[in-house]
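Novice: Just passing along the structure, written as structure tokens.
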Amino acid sequence: MKKGTLKQILLLTDGCSNKGEDPIAMAALAKEQGITVNVIGIVDEKVIDQEAMSEIEGIAVSGGGVSQIVYSHQLSQTVQMVTRQAMTQTLQGVVNQELRQILGKASIEELPPEERGEVMEVVDELGETVNLEILILVDMSASMGPKLPTVKEALLDLAISLNSRIGQNQFSLHVFPGKKKDVERILDWTPKLESISSIFPKLTTGGITPTGPAIREASQSFKKKRSLREYLLDEKHADEQQL
């Protein structure tokens, strides 16, 4: 099995989208492109919007990812848990596909206990060695203002927790709405998420919540990154052929 790269969108929001495409449909398109969409809904104490909760769950289900509703003070551990859980879930899906092709088994659960344990060890090992690309999407609507310091700390904790992995990590950070358009990239692909410390204090909240356009733009960011890398590899290969 090739090591490959896991691609995740991690959406942090506290409400419903109210502009642009349906975010659930956009998450389904992302999944078709091999990108898992995970959603963390950050709610205020004693204020739970059922419509928002339904949308959060719907985005994650159609995006093949994990969803979690949390209070701000629980955010740090939740961001790490959801990211790891989504990695395991995606890897299990890959392993299940391999099992179907090789053994004709439908899933890991159908294996005898001993074999199942061995396969789960492989999944755990892959979780530590597979390359990981996480595009973080942060809702910047007005109600998110007080929660931004907690979001920043949670993302820094995530970077620290993933740094122990053998596999390479790449992060990118987009916010919505942006200053001039629906979605704004504020951190290009980098292995160092720590640089958000200098960015977050400059961010301002307010306006609409274009969640659907944000997911669509995020998915395209993966495609742009991949096509650029392929171009560079092709150039390298061409140079080697000429030598």
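The values are calculated or read from the model by the stated rules, or taken from the named source; none is laboratory data. Here the structure is a predicted model, which means the values were calculated and not measured. Every residue, glycine as well, gets a Cβ built from its backbone with ideal geometry; the counts of neighbours run over all protein chains shown. Keep in mind that these areas ignore ligands, DNA and RNA; they rest on the heavy atoms of the full protein, side chains included. Shrake-Rupley method; radii C 1.70, N 1.55, O 1.52, S 1.80 Å.
Novice: Determine whether region 8-23 contains at least one residue that is without any contact (Cβ under 8 Å) to a residue 40 or more places away in the chain and either farther than 27 Å from residue 149 by Cα or open to solvent by less than 60 Å² (accessible area, probe 1.4 Å) (or both).
Specialist: No, there is no match, as no residue in region 8-23 is without any contact (Cβ under 8 Å) to a residue 40 or more places away in the chain and either farther than 27 Å from residue 149 by Cα or open to solvent by less than 60 Å² (accessible area, probe 1.4 Å) (or both).
Novice: Could you tell me which residue of region 79-90 is modelled with the lowest pLDDT, considering only residues that are open to solvent by less than 10 Å² (accessible area, probe 1.4 Å) and touching a helix residue (DSSP H, G or I) at 6+ places or on another chain (Cβ under 8 Å)? Give the steps one after another, and end with the answer.
Specialist: Initial filter on region 79-90 (open to solvent by less than 10 Å² (accessible area, probe 1.4 Å)): 79, 82-83, 86-87.
From the residues that got through so far, the ones that are touching a helix residue (DSSP H, G or I) at 6+ places or on another chain (Cβ under 8 Å) too are 79, 83, 87.
On the way: 79: 85, 83: 85, 87: 82.
For region 79-90, the residue satisfying everything is 87.
Novice: Confirm whether residue 206 is of a type in the set (Gly, Ala, Ser) and either open to solvent by less than 20 Å² (accessible area, probe 1.4 Å) or in a strand (DSSP E or B) (or both).
Specialist: Working: of a type in the set (Gly, Ala, Ser): yes; either open to solvent by less than 20 Å² (accessible area, probe 1.4 Å) or in a strand (DSSP E or B) (or both): no.
Taking the combined requirement at face value, the residue does not satisfy it.
Novice: Related question: Within region 58-100, restricting attention to residues that are in contact (Cβ under 8 Å) with a residue 40 or more places away in the chain and not in a helix (DSSP H, G or I), which residue is nearest to residue 147 (Cα to Cα)?
Specialist: Across region 58-100, the extreme among qualifying residues is 65.
Novice: Something else about it: Quickly run through region 125-156 and pick out the residues that are in a strand (DSSP E or B) and crowded, with 18+ Cβ neighbours inside 10 Å.
Specialist: 132, 133, 134, 135, 136, 137, 138, 139
Novice: Then there's this: Scanning for something charged (D, E, K, R) and surrounded by 18 or more Cβ atoms within 10 Å (Cβ to Cβ), does region 110-120 turn up at least one residue?
Specialist: no
Novice: Being touching a strand residue (DSSP E or B) at 6+ places or on another chain (Cβ under 7 Å), of a type outside the set (Gly, Ala, Ser) and either farther than 20 Å from residue 86 by Cβ or modelled with pLDDT under 80 (or both): is that true of residue 51 here?
Specialist: Here the answer is no, as residue 51 does not meet what is asked.
Novice: If you go through region 157-196 one residue at a time, how many are in a helix (DSSP H, G or I) and free of Cβ contacts under 8 Å to residues at least 12 places away in the same chain?
Specialist: 2
Novice: Count, please, the residues in region 30-72 that happen to be open to solvent by 80 Å² or more (accessible area, probe 1.4 Å) and over 19 Å from residue 141 (Cα atoms).
Specialist: Matching residues across region 30-72 total 5.
Novice: May I ask you to verify whether residue 215 is modelled with pLDDT of 85 or more and either touching a Ser or Thr at 6+ places or on another chain (Cβ under 6 Å) or surrounded by 13 or more Cβ atoms within 10 Å (Cβ to Cβ) (or both)?
Specialist: Values: modelled with pLDDT of 85 or more: yes; either touching a Ser or Thr at 6+ places or on another chain (Cβ under 6 Å) or surrounded by 13 or more Cβ atoms within 10 Å (Cβ to Cβ) (or both): yes.
Spelling it out, residue 215 is indeed modelled with pLDDT of 85 or more and either touching a Ser or Thr at 6+ places or on another chain (Cβ under 6 Å) or surrounded by 13 or more Cβ atoms within 10 Å (Cβ to Cβ) (or both).
Novice: Related question: I'd like to check something: does region 162-184 contain any residue that is open to solvent by 70 Å² or more (accessible area, probe 1.4 Å), under 30 Å from residue 92 (Cβ atoms), within 16 Å of the chain's Cα centre (by Cα) and of a type outside the set (S, T, N, Q)?
Specialist: no
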